[in-house]
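The structure that follows is given in the form of structure tokens.
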Amino acid sequence: MNTSPDPRWAPHATVATVVIDGGRVLLVEETIEGRQVLNQPAGHLEPGESLAAAALRETVEETGWTVELTAFIGCYQWTAADGTPFLRFCYAARPVSHDPARPLDAGIDRALWMTPAELQAAAGRQRSPLVWQVLADYLAGQRYPLALVREVA
């Protein structure tokens, strides 16, 4: 819950990337509060960073995969059980290259590829409802031009 003395709402700005190759989706298995969960490559926006740059950075840091963004899927508003608000900006991407020797971010156990059916069957292991919702929207054809999200200098 946001307990800041500032009464303005201040959600966490995050990005996530849906990477599809050969009918499988790239995911990360990470340990959160002692529980192993599944998530898209995702993370927080850093100061001075564009949303697109954050999506590319998080994907390589968490999976070792360099990707090319192909579309914007959407922006998702969600509040975690502890009251923490999130705005998650989601991109679609295609894999370009993989560096299996690259160390993954702290907390990331491994990167893995799963079919959508396998991920759906693992609903109890998904980090949040955003994981399936974003993939379901992508699978339903929800894609917007990358130019929809603009960084203004």
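Write out the GluC sites (Glu not before Pro) in segment 1-84 meeting two conditions: DSSP loop, and at most 11 other Cβ atoms within 10 Å of their Cβ.
Working: sites: E29, E30, E33, E49, E58, E61, E62, E68; in loops: E33, E49.
Within segment 1-84, the qualifying GluC sites (Glu not before Pro) (loop, at most 11 other Cβ atoms within 10 Å) are E33.
Using a simple charge model, +1 on the beta-carbon of Lys and Arg, -1 on the beta-carbon of Asp and Glu, nothing else, what dipole does the chain show about its Cα centre, in debye to the nearest 20? Let's see the in-between values first.
Working: 12 positive and 18 negative charges, 76 e Å.
Taking the Cα centre of the chain as origin, the dipole is about 360 debye.
Taking every eigenvalue of the Cα gyration tensor of segment 46-127, multiplying by 5 and rooting it, what semi-axes result, largest first, whole Å? Let's see the in-between values first.
Numbers: eigenvalues 89, 70, 43 Å².
Equivalent ellipsoid semi-axes, largest first: 21, 19, 15 Å.
Next up: Along each of its three principal axes, how wide is the spread of alpha-carbon positions in the chain, in whole angstrom units, largest first?
47, 40, 33
Which of Q133, Q40, A81 sits closest to the plus end of the dipole of segment 8-153, meaning its Cα is farthest towards the positive end, when Lys and Arg get +1 and Asp and Glu get -1 on the C-beta?
Positive-most Cα among the choices belongs to Q133.
Output wanted: per-residue J couplings in Hz (rounded whole) for segment 115-123, from phi through Karplus 6.51 cos²θ - 1.76 cosθ + 1.60, θ = phi - 60°, x for Gly and Pro.
6, x, 5, 5, 5, 4, 5, 9, 3
Could you calculate the contour length gain from T115 to R35, that is, 0.36 nm times the residue separation minus the distance between their Cα atoms, to one decimal place in nm? Show your work: numbers first, answer last.
Details: separation 80, 0.36 × 80 = 28.80 nm, distance 2.18 nm.
Full-extension gain reported as 26.6 nm.
Considering amide H positions built from the backbone, and no H for Pro or chain starts, which residues 5 or more places from V67, or on another chain, come under 5 Å of its amide H?
HN-HN under 5 Å from V67: V96.
Residues with beta-carbon under 15 Å from that of Q120, excluding Q120: net charge, scoring Lys, Arg +1 and Asp, Glu -1? If you can, show how the numbers build up before the last one.
Working: positive: R24, R125, R127; negative: E118, D137.
Surrounding charge for Q120 is +1.
For the chain, what does -39500 (n - 2.57) per DSSP helix run (n ≥ 4), summed and divided by total residues, give at 222 nm, in deg cm²/dmol to the nearest 500?
Here the helix-only value at 222 nm equals -6000 deg cm²/dmol.
Each value in this text was obtained by applying a stated rule to the coordinates, not by laboratory testing. Being a predicted model, the structure only gives us computed values, none of them experimental. All Cβ positions, even for glycine, are placed from backbone atoms using ideal geometry, and neighbour counts span all protein chains on display.
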